[in-house]
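Since the structure comes first, as structure tokens, the remarks are kept for the end.
The values are calculated or read from the model by the stated rules, or taken from the named source; none is laboratory data. Only a predicted model underlies this, so the values are computations on that prediction, with no experimental measurement involved. Cβ placement follows ideal geometry from the backbone for every residue including glycine, while neighbour counts extend to all protein chains displayed. Ligands, DNA and RNA are stripped out before the accessible areas are found, and what is left, the full protein with its side chains, is counted by its heavy atoms. Shrake-Rupley method; radii C 1.70, N 1.55, O 1.52, S 1.80 Å.
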Amino acid sequence: MSSSHPSRTAPKPGPVAAPGGRRGIVLGVMCAGMFLVQLDVTVVNVALPHIGADLHTDLAGLQWVVDSYTIVLAACLLAAGVVGDRLGHRTIAVAGLALFGASSLLCGLAPGIGWLVAARAVQGLAAASLLPSTLAIVTRAFPERAEQARALGIWAGVSALALPTGPVLGGLLVTLAGWRAVFLINLPVVVAAVVLTLRRVSRDEPDRERRLDPLGVATAALALTALTSCAIALGRLGRLGLSAWTAAAALAAVVAAAALAWWERRAPEPMFPPSLLSRTGFAGANAVAAAMNFVGIGMVFVVTLYLQGVRHHTALSAGAMLLPLFLPLALCAPFTGRLVARAGPRPPMIAGLALGAAGAAWLLLVSPGSPYGVLVPALLGLGLGMGLLTASVVAAALRAGPPSRPGLSSGVNNTARQAGGALGVAVLGAVVQDPSEPLRFTAGLHWAGALSALLWLAAIVVTLRAVPGAEEAGAAG
């Protein structure tokens, strides 16, 4: 559920890949890198019950398996674009691929949950470096406007295909070879991608003038980690009561967020310029983007637990059953792009939020013994909603952001979505709690559906107030 743009608006001209077939190989390799990044957002979900049983971990441990990847990805995404500018995007793409392969191997060999969570965090760092660098390489390899648009469309389309592929491929791998295969399958793809990148992608000229904001990255990561820790810990309140760890996590989140706000106003080149918040449309579009992934990623997590933990479907069956959610998300992308071009982002955003809210509310009808057909309308509503929203929130953020810095606008939008997804897994996972108690879990699923529906209805209000319609945008332009 990610897309991005190069972190600079006017990169220095440098050598590009030769035209013809060589450029097609460059595009294919960069698409493979992004496919892995997107695949690891969803492929792990159907493996979670098997990971929990094999590594003897509870729901909180499973939440961290998902969130350690997403938190690091969100915290490092903006900085990764700057690092790519300073060191060269080819260099960072190779390093990111190598790190992704090494961390995937560590995930596949994990002897315990702590090892796996740490390795997933390293995977998130690798993913953060790959996302802006792969797109920067594609943009540089196809400098002409029309061919660049076609190349970026292919790049985005391949990324979208990873979403429906993830649950099915994950289910198949878990069924045939166990949960470790979900991570080890990355290794041959990474090796081939590294070799082809070194052989086919020309070096780009580094921009030493770009400055990194390491303190901003560190405080953002600390704030998001502490907030996620607090949400996950709150899921245990019913049995353990308010713990000192929960209180400490909440305090750390507040302090880190305050420190981040203070520093970003004083940093020579801030990771997130505070002036962006004065742009109502930009702030509103990114708030909706965060709400979109909070519900979307959070619901994938809890519905997977319902299918396997409550209904006792196999990993492969559960992966196939999630297709009504993921296929509309991938198939709607071209249609949504044309709709945004004609009517602006606000109509598809409102339609997507309304459909998604209806889908989330439908979960109130699901019981521990419900047949799969009862769940399908909820999955379709969420999938269609996400399909209409994904391209629309990106377009809304780019239109409302600084015209001279589309890379920054896109990076902030990606960061908002990844952060929203991490919090969605933490909060909705805390609401549903342990699937080994079907009645309690299903009651939590009802609360999660109601909370998600209300959040997306609130996002409709934000969209109406903050995102201009086509006529308003035209008048402003």
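Using a probe of 1.4 angstrom and keeping all protein chains present, the accessible surface of the chain works out to 38 square angstrom per residue.
Quick check for me: using +1 on Lys/Arg Cβ and -1 on Asp/Glu Cβ, what's the dipole size of the chain about its Cα centre, in debye to the nearest 20? Let's see the in-between values first.
On the way: 31 positive and 18 negative charges, 185 e Å.
Using only the charged Cβ atoms, the result is roughly 880 debye.
Provide the packing ranking of 277-286, 26-35, 66-75, i.e. peptides ordered by the mean count of other C-beta atoms within 10 Å per residue, highest first.
Working: 277-286: 19.9, 26-35: 23.0, 66-75: 27.3.
Peptide ranking by packing, descending: 66-75, 26-35, 277-286.
Which longest run of the chain has no exposed loop site in it, a site being GluC sites (Glu not before Pro) in a DSSP loop with at most 11 other beta carbons within 10 Å, and the site itself not part of the run? Answer - 210-477. FRET efficiency for the ALA354 to LEU277 pair, using the beta carbon distance and R₀ = 30 Å, is estimated at 0.65.
What does the extension gain come out to for ALA343 and LEU187, with contour length at 0.36 nm per residue minus their alpha carbon separation? Could the numbers behind the result be given before it?
On the way: separation 156, 0.36 × 156 = 56.16 nm, distance 4.33 nm.
Difference between extended and current length: 51.8 nm.
Taking only protein heavy atoms and a 1.4 Å probe, the accessible area of the chain is 71% carbon and sulfur. If the chain linking VAL374 and HIS56 were pulled fully straight, counting 0.36 nm for each residue of separation and taking away their Cα-Cα distance, it would gain 111.3 nm.
Contour minus end-to-end for ILE154 and ARG199, with contour as 0.36 nm per residue of separation and end-to-end as the Cα-Cα distance?
14.0 nm
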